[in-house]
1. Would you confirm whether any residue within region 312-321 is of a type outside the set (Lys, Arg), within 23 Å of the chain's Cα centre (by Cα) and part of a helix (DSSP H, G or I)?
2. How many of the residues in region 26-40 are surrounded by fewer than 24 Cβ atoms within 10 Å (Cβ to Cβ) and touching a residue at least 12 places away in the same chain (Cβ under 8 Å)?
3. Taking only region 266-286 into account, find how many residues are closer than 27 Å to Phe137 by Cα, open to solvent by 20 Å² or more (accessible area, probe 1.4 Å) and part of a helix (DSSP H, G or I).
4. Please specify each residue of region 287-308 satisfying the condition of being of a type outside the set (A, V, I, L, M), open to solvent by less than 70 Å² (accessible area, probe 1.4 Å) and touching a residue at least 24 places away in the same chain (Cβ under 8 Å).
5. Return yes when Gly112 is surrounded by 15 or more Cβ atoms within 10 Å (Cβ to Cβ) and closer than 25 Å to Ala384 by Cα and no when it is not.
6. Are there any pairs with C-beta distances below 8 angstrom linking a residue in region 323-335 that is touching a residue at least 24 places away in the same chain (Cβ under 8 Å) to a residue that is of a type in the set (D, E, K, R) and outside any helix (DSSP H, G or I), with the two at least 6 apart or on different chains, and if so which?
7. For region 228-256, give me the residue count where each residue is surrounded by fewer than 24 Cβ atoms within 10 Å (Cβ to Cβ) and more than 16 Å from the chain's Cα centre (by Cα).
Amino acid sequence: MSAALINIPGTPSSIATTFDAYPMSKRGESAKALGLGLMSSFLGGFIAIFLMIVATYAIAQFALKFGPYEYFALGVLAFAGCMSIIEGGFIKNAISLIVGFMLSMIGMDITGVRRLTFGIRGLAAGIDILPLLIGLFGISEIMIAIEKRTQNIVPLEARKAGMGLKAVSWALKEILRQPANFIRSMIVGFVTGVFPGVGGATSSVLAYGLAKSSSKHPEKFGTGIPDGIIASEVANNATIPGALVPLLSLGIPGDSVTAMMIGGFMIHGLFPGPLLFRDSPQYAYTVFAAQLVGIIVMVIIGILLMKFLIYSLSIKSYYLFPAIAACMAIGAYGLYNRIFDIWIVFIFGLIGYVLRKIEFPLVPLITAFILGPIVEKNFRQGLAMYDGSLKPLFTRPISLSLLIGAAILFALGWYINVKAARTAKKLAGS
């Protein structure tokens, strides 16, 4: 809505939506822009959910064959993927991974030895993922919004926009006229989501670029053409089920949202991955069902409450931000009833703000923080199981395949970054 009405993406995933949705709204076609966004989101996400169910179950059954060294190799693959694919640069991603891994080591190790606590009693139990995530993403987002003096005010003419069944039916017909654009964007979004840390922003821009390059009229993109809205919204919503595939099947967060979901699972003593399907499959199926219910409710809300939601964008941000920050602090405290967790929230909020200002990637840090204990634990268990030998790591087929995949991703990321640096240098020289 904010992308179409005030040219401000509500999330990074909607950046490409602004390219055509806002020009369409400026022509007085806000209802059409909102209808296209809503129905593209619904159809792209709905079909991707079924792809997610099939892919997740298949990968989880395969992952049940994993031993300690296989899980260690999987972690290495995830780290290589973070360094190679995520935007931010090869070196920054590597540093972010190292920082995240060191943060995960704070507290007691598996033998009960304290590490990196520096005599601070509160760190003996380690840093919990929920306060860390609330600080890095929530508090830092508020600080950046305050710095930008975000007001969330919808212009008077945009408040007249609404959505009825007429706009929805028009949007459906428009989407059905573009099957190639829809299918291509959905595949791009889903596959992009499967790669850890890439996210909806990348998938939407990539799908938008492919739609433009494949169009017979590429010059019309950016002027309010439906093709651009369809490509962006289908892709970024298909990314969400895609990001759940590595979460549920392997226990690897696909993006910052699924990283937060891992925190929710852990609070209840559950660990996403193949064992979840074997020991507690009802929770995995609940996530599947929640996706379906959520996307259906999204359409109902979009049709019935669009007028109200547009007006909600007019609430002054200086009323919202203090209330949101207080809720974050209460949520962190309620986890273990520790004041120390509130300090963690605000300390990492400041750290997250600084890192985002210098364009330092946060998702590799979160990925390493979550996977760090798993990688360390399985590596040590593997050494104990094979009398300190690393030979099985390179002789077992699955672990060897994962290590080869990690090496390929590492080399690919290095090549892409070197090539991008050379291109940027040439452009700067010209």
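The values are calculated or read from the model by the stated rules, or taken from the named source; none is laboratory data. Quick caveat: nothing in here was measured; it's all calculated off a predicted structure. Here the Cβ is made from the backbone with ideal geometry for all residues, glycine too, and neighbour counts use every protein chain on show. All accessible areas refer to the heavy atoms of the entire protein, side chains included, with ligands and DNA or RNA removed. Shrake-Rupley method; radii C 1.70, N 1.55, O 1.52, S 1.80 Å.
1. So in region 312-321, the residues of a type outside the set (Lys, Arg) come out as 312-315, 317-321.
Applying the additional criterion that residues be within 23 Å of the chain's Cα centre (by Cα) yields 321.
Checking which are part of a helix (DSSP H, G or I) leaves us with 321.
Taking every residue of region 312-321 in turn, at least one turns out to be of a type outside the set (Lys, Arg), within 23 Å of the chain's Cα centre (by Cα) and part of a helix (DSSP H, G or I).
2. Narrowing region 26-40 to residues surrounded by fewer than 24 Cβ atoms within 10 Å (Cβ to Cβ): 26-29, 31, 38.
Okay, now just the ones that are also touching a residue at least 12 places away in the same chain (Cβ under 8 Å), so 26-27, 29, 31, 38.
Of the residues in region 26-40, 5 are surrounded by fewer than 24 Cβ atoms within 10 Å (Cβ to Cβ) and touching a residue at least 12 places away in the same chain (Cβ under 8 Å).
3. So the answer is 4.
4. Within region 287-308, the subset of a type outside the set (A, V, I, L, M) is 288, 291, 294, 302, 307-308.
Subset that is open to solvent by less than 70 Å² (accessible area, probe 1.4 Å): 288, 291, 294, 302.
Scanning region 287-308 gives Phe288, Gln291, Gly302.
5. On the way: surrounded by 15 or more Cβ atoms within 10 Å (Cβ to Cβ): no; closer than 25 Å to Ala384 by Cα: yes.
Here the answer is no, as Gly112 does not meet what is asked.
6. If the second residue must be of a type in the set (D, E, K, R) and outside any helix (DSSP H, G or I), the pairs left are Leu335/Asp128.
7. 0
Conditions tested, residue by residue: (1) at pLDDT below 85; (2) farther than 30 Å from Met143 by Cα; (3) open to solvent by 50 Å² or more (accessible area, probe 1.4 Å); (4) not in a helix (DSSP H, G or I).
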residue: Ile342; (1), (2), (3), (4): no, no, no, no
residue: Val345; (1), (2), (3), (4): no, no, no, no
residue: Leu355; (1), (2), (3), (4): no, no, no, no
residue: Thr367; (1), (2), (3), (4): yes, no, no, no
residue: Gly372; (1), (2), (3), (4): yes, no, no, no
residue: Leu402; (1), (2), (3), (4): yes, yes, no, no
